Amino acid sequence: MLKKIGISLMIVTMIVVFSISSFAATKGTIGIAGWGQNNPFFVLLHDSAKKVFEDAGYEVIISDGQTLVDKQTNDIDNFIAMGVDAMLLTPTDSFALASAVNRVADAGIPIISGDMTVYNAKLNATVESDNFNAGYIVGKWMIAYYRNLENTTDEKGPFKIVCGLWSQANSCRDRQEGFETAIAEGPEGLLEIIKKQEEADVSIEGGYEIGQNFLTAYEDLDAMFFGCNDNVALGALKAVQEAGRDDVVITGVDGQVEAVNAINAGTAFKCTGAQHPQVIGHVAALNLLDLLDGKKIPTYIKIACSSIHLPFQPFGIDPAEFVESGNAISRTIDVTFPITEPVK
């Protein structure tokens, strides 16, 4: 009996010692105030950053903003109350979160924004895709696609394009601007943007609804561009397929798996401007760790994008290898936060 008690005490002691040792080994806690966990893009971004933080010895808590400003504001305030050591934010809005971000800064907590910035906010840095380039490369692809169509068929321009907008996000506005710049640089009379319309939301369901509306309003429509994400484009693809209008070209931005699969399957979804969310998360996390170590970091970092279309060779990007290759960061810009204008 005494032997059993002794063994039990030894086990309890080992558990307590292990728990204390584990606690002591943790450098602190980092909060990831997430845009939402219903989008594969952000799940990949958050998980990539989480791995970097955990490998460095930090505990990580990811909150689900559910794409709602009020929910994300509450998440940020909860992290402040917890006294996290640093915060990574993937904002649901470039404007409405300024006060919440400023409370983080006032609490002395380092904060980096990933995927897009927040205006009028005292951020330490922003890490985002080179969003102008993401839209631009889709526009360049569309020019090549319709030039080839003119050269190989009897179809002639101007080919008519509609665009779904999400103007509350600076990243989406930059992609739209890049797309329009590319179209303007193309041959005169080849492509014409006939409508730009704000989207109700940026989900597959929202894309389905706006896709239906576009098809109803414009019977001679040739193409749609959705600069905010591939989910909206996938929703529009569903509308196109149900209407039997596979002649309407669908394009988006993100490069998520479902979009790439649709492209490879030969559907009306023809091209996406591929971001690399795992690289955004990885680079943002590395820079936040540098801040915690007292190092100076770039204040605005643009991550390189690439276009995905047929013929397409499947690829996977390891964020650590991509960063080490020197190709992950397209450029850095020196800014002083808070900022009020887009960083080009």
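The values are calculated or read from the model by the stated rules, or taken from the named source; none is laboratory data. What you are looking at is a predicted structure, and each value in this text was computed from that prediction instead of being measured. Ideal geometry is used to build each Cβ from the backbone, glycine not excepted, and the neighbour counts take in all protein chains shown. For accessibility, only protein heavy atoms count, side chains too; no ligands or nucleic acids. Shrake-Rupley method; radii C 1.70, N 1.55, O 1.52, S 1.80 Å.
For the range 166-185, filtering for residues that are open to solvent by 50 Å² or more (accessible area, probe 1.4 Å) and in a loop (DSSP other than H, G, I, E, B) leaves 1.
Per this entry, N261 is counted among residues that are farther than 17 Å from M116 by Cβ and either of a type outside the set (D, E, K, R) or over 17 Å from the mean Cα position of the chain (by Cα) (or both). Counting only strands (runs of 3 or more DSSP E) wholly contained in the range 264-344, the ones carrying 1 or more residues that are among the hydroxyl-bearing types (S, T, Y), touching a residue at least 24 places away in the same chain (Cβ under 8 Å) and touching a helix residue (DSSP H, G or I) at 6+ places or on another chain (Cβ under 8 Å) occupy 269-274, 306-309, 329-333.
So that you can scan it fast, the table gives a plain yes or no per residue for (1) buried (at least 17 other Cβ atoms within 10 Å of the Cβ); (2) farther than 30 Å from K160 by Cβ:
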{"residue": "A284", "(1), (2)": "yes, yes"}
{"residue": "H309", "(1), (2)": "yes, no"}
{"residue": "D318", "(1), (2)": "no, yes"}
{"residue": "G326", "(1), (2)": "no, yes"}
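Please verify whether S94 is over 23 Å from G294 (Cα atoms), open to solvent by 10 Å² or more (accessible area, probe 1.4 Å) and of a type in the set (G, A, S), treating the condition exactly as stated. For S94, the condition - over 23 Å from G294 (Cα atoms), open to solvent by 10 Å² or more (accessible area, probe 1.4 Å) and of a type in the set (G, A, S) - is not met. Where residues in the range 266-282 are touching a His at 6+ places or on another chain (Cβ under 7 Å) and within 16 Å of F225 (Cβ to Cβ), which of them is least open to solvent (accessible area, probe 1.4 Å)? Once the filter is applied, the top-ranked residue is C271. Number of residues in the range 86-132 that are within 17 Å of S48 (Cβ to Cβ) and not small (G, A, S) equals 10.
Checking E209, E188, E192, E219 one by one, the residue that is of a type outside the set (G, A, S), assigned to a strand (DSSP E or B) and open to solvent by 10 Å² or more (accessible area, probe 1.4 Å) is E192 and no other. The one condition from (1) at pLDDT 95 or above; (2) in a helix (DSSP H, G or I); (3) over 17 Å from H309 (Cα atoms); (4) open to solvent by less than 70 Å² (accessible area, probe 1.4 Å) that N231 does not meet is (3). Take the conditions (1) open to solvent by less than 40 Å² (accessible area, probe 1.4 Å); (2) assigned to a helix (DSSP H, G or I); (3) closer than 23 Å to V101 by Cβ; (4) not aliphatic (A, V, I, L, M); G135 misses just one of them, which is (3). Taking the range 135-174 as the range and being within 19 Å of the chain's Cα centre (by Cα), among the aliphatic types (A, V, I, L, M) and within 17 Å of A223 (Cβ to Cβ) as the test, the residues that pass are I137, V138, L165.
Taking the range 60-84 only, how many residues are of a type in the set (D, E, K, R), over 16 Å from the mean Cα position of the chain (by Cα) and within 20 Å of L45 (Cβ to Cβ)?
We begin by selecting, within the range 60-84, every residue of a type in the set (D, E, K, R); these are 64, 70-71, 75, 77.
Restricting the remaining residues to those that are over 16 Å from the mean Cα position of the chain (by Cα) gives 70-71, 75, 77.
Now restrict to residues that are within 20 Å of L45 (Cβ to Cβ): 71, 75.
Final tally of qualifying residues: 2.
Being open to solvent by 30 Å² or more (accessible area, probe 1.4 Å) and touching a strand residue (DSSP E or B) at 6+ places or on another chain (Cβ under 9 Å): is that true of I250 here?
no
Within the range 124-146, being in contact (Cβ under 8 Å) with a residue 40 or more places away in the chain, closer than 19 Å to A268 by Cβ and out of contact with any Ser or Thr (no Cβ under 8 Å at 6 or more places or on another chain) holds for I143, Y145, Y146. Against the list (1) of a type in the set (D, E); (2) at pLDDT 95 or above; (3) within 21 Å of C228 (Cα to Cα), the condition D85 fails is (3).
Scan the range 152-164 residue by residue and report those that are open to solvent by 30 Å² or more (accessible area, probe 1.4 Å) and under 19 Å from L237 (Cβ atoms). Selection gives K160 alone.
Scan the range 157-204 for residues that are within 23 Å of Y119 (Cα to Cα), free of Cβ contacts under 8 Å to residues at least 40 places away in the same chain and in contact with a Leu (Cβ under 9 Å, 6 or more places away or on another chain) and the total you get is 2.
Only one residue in T126, T90 is in contact with a strand residue (DSSP E or B) (Cβ under 6 Å, 6 or more places away or on another chain), within 30 Å of Q212 (Cβ to Cβ) and at pLDDT 95 or above. Which one?
Values: T126 fails: within 30 Å of Q212 (Cβ to Cβ).
When all the criteria are applied, what remains is T90.
Residue check: I32 meets all listed conditions (1) among the β-branched types (V, I, T); (2) closer than 30 Å to V253 by Cα; (3) buried (at least 24 other Cβ atoms within 10 Å of the Cβ); (4) touching a Gly at 6+ places or on another chain (Cβ under 6 Å) but one, namely (4).
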